[in-house]
Amino acid sequence: MADSPSKDRPNRYTYAQAGVDIDAGNALVRAIAPLAKSTRRSGSNAELGGFGGLFDLKATGYKDPVLVAANDGVGTKLKVAIEAGIHDTVGIDLVAMSVNDLVVQGAEPLFFLDYFATGKLDVEEATAVISGIAEGCRQANCALIGGETAEMPGMYAKGDYDLAGFAVGAVERDQILPRRDVGAGDVLIGLASTGFHSNGYSLVRRIVADHGLSYDAPFPHVEDGSVTIGEALLTPTRIYVRSVLKAIRETGAIKALAHITGGGFVENIPRVLPEGLAAEIDGASWRMPDVFRWVMKLGGVEEAEMGRTFNCGIGMVVVVPEDRAAEVARVLAAEGETVYRIGTLRERRDEEPRVVIEGALGSLA
């Protein structure tokens, strides 16, 4: 005979009573299926619903491929999105942070998977986030072949969510970057960023909070008040994949690439340099965008701190031979990049830093 309800076990519990809505999860899958389908590319049908995403590497035409994988998140930029109520751009950031890491090794992004976790699933909000992920995948020409949505009551505060992304790409074995011939005399080309990308937001948020500012307030560097602080801070990370791959394939001249994320030039450029080389950067060769200048002034942030926390206006650094620099710059500019010649590589002097910056960062008038 079945047990009767008692004081200790008063009723029949359901998952919904515990805070997990299976129906909402199913509704989300239906809502995002067309978004995933829009990212189809060779090797993938981008259909959702299986236990794993399938990708046919042979269909991409590689002869001797090496797979390259990367994963990342968006960090506390998500808190800005949540507080500003703007959810359709952070998905682009999520894709960008991984695919930009793939392309620096010469790899073409092939497919992407996302992880979306929240305390209480809001289907409309989650669909907006994943629409951004699909847009990022389209920009990078990689397929969104799967993902996971986790509703975890008690783990996240009301309204909060978190994101993680996983990208896989491929590169021919003999075309992996950085090349071994990176050397003194090579030129550093900088590609403009669209803002903070997805780094340093804990500092940005602290400055905004300490000054009692609202993300709905007008951003002061736009005179007509048409852009809010939230919108200015949520400009999505630039995805450099198409332009950089075009330059790699068309010129054959790119020796190395550095994705400028947290740590700025100082920590990211040395990752692709041989021992014994230093990068000499001309800080006056580009102009730091207004959003950086605003945060720097508002928070009294010293230049050294700006340089080790933010990209300061340069999101990707390209290493090329001096005699091919103009050619590579032309290809990148034709693909829509804003291009600066920002420095050179030289022999490192005893005990000096791996990156030497002359002049104020981003001080071009």
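A few comments on the model shown:
- For region 49-120 versus region 323-364, the gap between their alpha-carbon centres in whole angstrom: 28 Å
- Rounded accessible area of Arg348 (nearest 10 Å², 1.4 Å probe): 90 Å²
- Dipole magnitude of the chain, debye to nearest 20 (Cβ charges: Lys/Arg +1, Asp/Glu -1, about Cα centre): 580 debye
- Only aspartates and glutamates eight or more places from Lys297 in sequence, or on another chain, were considered; those with a Cα closer than 15 Å are Asp210, Glu305.
- Furthest towards positive pole of dipole, Tyr340, Gly185, Ala59, structure part the chain, Cβ charges: Ala59
- Shape call, the chain: gyration tensor on alpha carbons, a/c limit 1.5: oblate
- Across the chain, the longest run free of exposed loop sites, meaning GluC sites (Glu not before Pro) lying outside DSSP classes H, G, I, E and B with no more than 11 other Cβ atoms within 10 Å, spans 1-222.
- Rounded accessible area of Asp23 (nearest 10 Å², 1.4 Å probe): 110 Å²
- Karplus 3J(HN,Hα) series, Hz, for region 233-247 with 6.51 cos²θ - 1.76 cosθ + 1.60 (x for Gly, Pro): 7, 9, 3, x, 4, 6, 9, 9, 4, 4, 5, 5, 4, 4, 5
- Entry comment: accessible area of the chain is 48 Å² per residue, from protein heavy atoms only and a probe of 1.4 Å.
- C-alpha long axis of helix 201-210 to longest principal axis of the chain, angle in °: 80 degrees
- Region 226-315, relative contact order [Cα under 8 Å, separation at least 6], %: 36 percent
- When Arg287, Arg12, Arg324 are compared by accessible area at a 1.4 angstrom probe, the order from most to least is Arg12, Arg287, Arg324.
- On Cα atoms only, tilt of 90-103 relative to the major axis of the chain in degrees: 50 degrees
- Under 14 Å from Lys77, Cα to Cα: aspartates and glutamates that are on another chain or at least 8 residues apart: Asp88, Asp93, Asp160, Asp162, Glu231
- Relative contact order %, the chain, counting alpha carbon pairs below 8 Å whose residues are six or more apart: 20 percent
- Cross-link reach list, lysines versus Lys63, counting only Cα pairs under 26 Å and skipping chain neighbours closer than eight places: Lys246, Lys255
- Most to least accessible of Leu233, Leu57 (protein chains only, probe 1.4 Å): Leu57, Leu233
- Rounded percent of accessible protein surface that carbon and sulfur make up, the chain, 1.4 Å probe: 50 percent
- Annotation: the antiparallel percentage among DSSP beta bridges lying fully within the chain is about 75.
The values are calculated or read from the model by the stated rules, or taken from the named source; none is laboratory data. Just so it is clear, the model here is predicted, and its values are computed rather than measured. Please note: Cβ atoms are built from the backbone with ideal geometry, for glycine as well, and neighbour counts cover all protein chains shown. Side chains are part of the model used for accessible areas, which takes the heavy atoms of the whole protein and leaves out ligands, DNA and RNA. Shrake-Rupley method; radii C 1.70, N 1.55, O 1.52, S 1.80 Å.
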